[in-house]
Amino acid sequence: MFDRRSMLLSSPALALVASAASAGSGPAGDDPAANTALIRRFFEEVWSSGDLSKRDEFLDAGYRGHMAGAAEPIDRDGRTGWFQGFRAAFPDARFTVEDLVAEGDRVAARLTMRGTHLGPLNGTPPTGRSVVVGGMSIERIADGQIVEGWNQNDALGLLVQLGMMPPPG
């Protein structure tokens with residue numbers, strides 16, 4: 001079926017005009033260099049150090065976090081509670097930022113966490129095992145703060161490393 005909107009939007013001349021008209025007028029947070037620096041600092045200064053005193057510097061009061069397996073997004077306090085539980089289980093956790101890719105108001109990060117299971121994790125007692133877990137995070141930035149995030153990690157790999165599940169296969 002013919003769709004006039006598709007034809008108009010695919011017109012190279014119209015795309016050029018739309019691009020020129022919107023240049024410099026994007027939403028707050030459309031500075032990829034500043035956004036990647038913010039996300040790198042967040043993972044280094046908060047996640048790797050465990051220093052929650054800087055939380056409000058990075059996370060907006062209206063923050064919404066989408067975590068794998070969660071039925072609903074969590075707010076800033078929910079993310080703080082999750083983080084405290086995580087740090088209790090892995091107090092020596094360190095995050096390496098492997099890659100950062102920015103476009104507009106979003107930054108995608110590929111991360112590696114290294115730590116030792118020294119505290120309870122979802123009811124499982126500490127195993128003392130060292131783990132290496134990969135993960136990815138996409139963060140949306142506005143006015144110099146993280147306002148929304150989507151997070152995935154290798155939960156199956158973590159459970160296998162902790163001896164809580166057999167290796168797949």
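The values are calculated or read from the model by the stated rules, or taken from the named source; none is laboratory data. Since this is a predicted model, take the numbers as computed values, not measurements. Don't worry about glycine lacking a Cβ; one is built from the backbone with ideal geometry, like all the others, and counts go over all protein chains shown. Please note that ligands, DNA and RNA were not included when accessible areas were found on the heavy atoms of the full protein model with its side chains. Shrake-Rupley method; radii C 1.70, N 1.55, O 1.52, S 1.80 Å.
Annotations for the structure displayed:
- Volume of the Cα convex hull of segment 43-167, divided per residue and given in Å³: 106 Å³
- Averaged over residues, the count of other Cβ atoms within 10 Å places the peptides 59-67, 81-89, 134-142 in the sequence 134-142, 59-67, 81-89, highest first.
- Potential lengthening between LYS54 and ALA142 on full extension [0.36 nm per residue; Cα-Cα distance subtracted]: 29.9 nm
- ³J(HN,Hα), Karplus 6.51/-1.76/1.60, whole Hz, each residue of segment 95-109, x for Gly, Pro: 10, 10, 7, 7, 8, 10, 10, 10, 8, x, 9, 10, 10, 9, 10
- Around the amide H of ARG129, modelled in the peptide plane, lie the amide H atoms of HIS117, all under 5 Å away and 5 or more residues distant in sequence or on another chain.
- Karplus-derived 3J(HN,Hα), 6.51/-1.76/1.60, for each residue of segment 55-72, Hz, glycine and proline x: 3, 5, 5, 9, 9, 4, 4, x, 3, 10, x, 9, 10, 3, x, 7, 5, 10
- At an R0 of 25 angstrom, the distance between the Cβ atoms of ALA34 and GLN152 translates into a FRET efficiency of 0.55.
- For segment 114-158, the alpha carbon positions stretch 41, 17, 16 Å along the principal axes, listed from largest to smallest.
- Taking all protein chains as they are arranged and a probe of 1.4 Å, the heavy atoms of VAL132 leave approximately 80 Å² accessible to solvent.
- Candidate residues TRP47, TRP150: accessible-area rank, largest first, probe 1.4 Å: TRP150, TRP47
- Separation in nanometres of the label points that stand 7 Å from Cα toward Cβ, at ARG129 and VAL101: 3.1 nm
- Just the protein heavy atoms count here, and of the accessible area of segment 94-169 at 1.4 Å, carbon and sulfur take up 55 percent.
- Long-range HN-HN contacts of ALA142 with modeled amide H, under 5 Å: VAL147
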